[in-house]
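Engineer: Just passing along the structure, written as structure tokens.
Values quoted throughout were computed directly from the atomic coordinates according to the rules given, and no laboratory measurement underlies them. Bear in mind that the values here come from a model prediction, so they are computed numbers and not experimental data. Heads up, the Cβs are rebuilt from the backbone with ideal geometry, glycines too, and the neighbour counts pull from every protein chain shown.
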Amino acid sequence: MCTSRMCTRESADGSKMSMPIIIKWSGQEYSISTLSEEDTILDLKQLIKTLTGVLPERQKLLGLKLKGKPADDDVKIGTLKLKPNTKIMMMGTREESLEDVLAPPPDSDEVINDFDIEDEVVEVENREENLAKIARRVRDYKIEILNPPRENKKLLVLDIDYTLFDHRSCAETGVELMRPYLHEFLTSAYEDYDIVIWSATSMKWIEAKMKELCITTNPDYKITFMLDSAAMITVHTPRRGVVEVKPLGVIWGKFPDFYNRQNTIMFDDIGRNFLMNPQNGLKIKPFMKAHLNRDKDKELLKLSQYLKEIAKLEDLSELNHKHWERFLSKKQGH
Ligand code: MG
């Protein structure tokens, strides 16, 4: 007969002590009670897969650390010294829902026609190929998180060249070429949006430029992370041939718990950059000839009011950002 005391003893000696853990994922909690201290992180991930359908390689378990570093798959659960029923947050997406996240909206053809990318309808047969490219970026592109994503914030993705500053004019310092109201704009946007920078150049250049403009060091707002040209994909368009675009699906696939088609807006002076997600793009008037326009350009001032207005909405993708000025003056009663 097995009394409870005997069972306890047997567990302690026979390395079968169980380690109950609770996994939090996508708003739900899953209890795992069949794990022993001798099992590894990979065993845990396999169990999570049976519960959630998320493949082990797509799972990111937050807070499972060994000596300050994320624990590798072969680490034994027992070495982590967890308290029973520790809650662990999991980030990750099922394969089939990843496809949903990455797929273009069904009416995107119509919307694309509404942009300056008229007739540049992405051929249907190329879509699958484009989605595969995005999925590869989600898998392989490494994002260095500068500041963690915040709960219940929307996402603002910003281009640099001609959007935040004039990169062609000559000046002593970058600040002279900075678009007026840049810091005010970022400070205001940060109240409702996490801010991501995405530029079609190299990360080295982006980091240098952000430092020069004092964006990464400004105490009034934070940059969540930055993406460079390596996160972009090429797509084939009937008219212009092969073009490079910035697919937001890369971000949505990487951070499905935080960012999606409904809560993301992207500013770029080049419309084709949002060919894969036209409903999320706002084509900003390019800021050029900084010396002439330094006192005239009020785009960022007006756009921060627009961002403030639309931050109240549930679904940003229902808007047509092409008409942002009209939307704003209606809201302001002009
Ligand atoms: Mg640009």
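Engineer: Quick check, is residue 264 under 18 Å from residue 193 (Cα atoms), more than 16 Å from the ligand (Cβ to nearest atom), touching a residue at least 24 places away in the same chain (Cβ under 8 Å) and in contact with a strand residue (DSSP E or B) (Cβ under 7 Å, 6 or more places away or on another chain)?
Structural biologist: So residue 264 fits the description; yes.
Engineer: For region 280-306, which residues satisfy the criterion of being surrounded by fewer than 22 Cβ atoms within 10 Å (Cβ to Cβ) and either more than 22 Å from residue 181 (Cβ to Cβ) or away from the ligand (no atom under 16 Å from the Cβ) (or both)?
Structural biologist: Within region 280-306, 291, 292, 294, 295, 296, 298, 301, 302, 304, 305, 306 meet the criteria.
Engineer: Still on this structure, I have one more. Residues in region 88-101: is at least one of a type in the set (Ser, Thr, Tyr) and more than 19 Å from the chain's Cα centre (by Cα)?
Structural biologist: No: region 88-101 contains no residue that is of a type in the set (Ser, Thr, Tyr) and more than 19 Å from the chain's Cα centre (by Cα).
Engineer: Here is a follow-up. So which strands (runs of 3 or more DSSP E) are wholly in region 164-245 and hold at least 1 residues that are within 16 Å of the ligand (Cβ to nearest atom)?
Structural biologist: Here the list reads 193-198, 223-227, 241-245.
Engineer: Hey, does region 182-198 have a residue that's over 22 Å from residue 311 (Cβ atoms) and not small (Gly, Ala, Ser)?
Structural biologist: For region 182-198, residues over 22 Å from residue 311 (Cβ atoms) and not small (Gly, Ala, Ser): absent.
Engineer: May I ask you to verify whether residue 312 is out of contact with any His (no Cβ under 9 Å at 6 or more places or on another chain), of a type outside the set (Val, Ile, Thr) and without any contact (Cβ under 8 Å) to a residue 60 or more places away in the chain?
Structural biologist: So residue 312 passes the test.
Engineer: Something else: Quick check on my filter: what residues within region 146-164 are among the β-branched types (Val, Ile, Thr) and under 14 Å from the mean Cα position of the chain (by Cα)?
Structural biologist: Within region 146-164, 157 is the sole residue that qualifies.
Engineer: Can I ask one more? If you scan region 20-40, which residues turn out to be within 18 Å of residue 53 (Cα to Cα) and not in a loop (DSSP other than H, G, I, E, B)?
Structural biologist: Correct list: 21, 22, 23, 24, 25, 28, 29, 30, 31, 32.
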